[in-house]
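Peer 1: Let me give you the structure first, and then I'll get to my questions.
The values are calculated or read from the model by the stated rules, or taken from the named source; none is laboratory data. Quantities reported herein were computed from a predicted structural model and do not represent experimental measurements. Cβ sites come from the backbone with ideal geometry, for glycine too, and all protein chains shown count toward neighbours.
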């Protein structure tokens, strides 16, 4: 599973360690948030962990979750962490863009726009501008290997697995 980069408080620039209390809306130490609000300072830019490097994982198992790059590499994560991982991958591979407010801190939506696939434990999404798109050949190869490894475990009576089965059927149906 791909680890997430360390996170730093934008105010004091110290890393978040252990069970430190974080003010979630702005991603800073609770104490730093209280001082900043009292003084009236603007929130500083996020600090990206420059030592973090994503490591591709093997796409396997019915509980797979993460991102599938256009080159077929899979970056796995725990369920419900895909947005944070997507933001980190976007920032690592494509760098932040402080001029674009939607991409100021990385964006998993940007990954989808440029051809990354989102893998969940109940299916996968290959989207571009709110439309399904065709995967790259490298993505197809990775998805096929995943399908072959899990196809005997797909249960039509399990609604979540049924969606994954339909996704595979749509993807690997013969093209006319």
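Peer 1: So which of 35, 21 is modelled with pLDDT of 80 or more and either farther than 30 Å from residue 149 by Cα or in contact with a strand residue (DSSP E or B) (Cβ under 7 Å, 6 or more places away or on another chain) (or both)?
Peer 2: So the residue among 35, 21 that is modelled with pLDDT of 80 or more and either farther than 30 Å from residue 149 by Cα or in contact with a strand residue (DSSP E or B) (Cβ under 7 Å, 6 or more places away or on another chain) (or both) is 35.
Peer 1: Check residue 88 against each of (1) at pLDDT below 85; (2) crowded, with 18+ Cβ neighbours inside 10 Å; (3) part of a loop (DSSP other than H, G, I, E, B) and name the one condition it does not meet.
Peer 2: (3)
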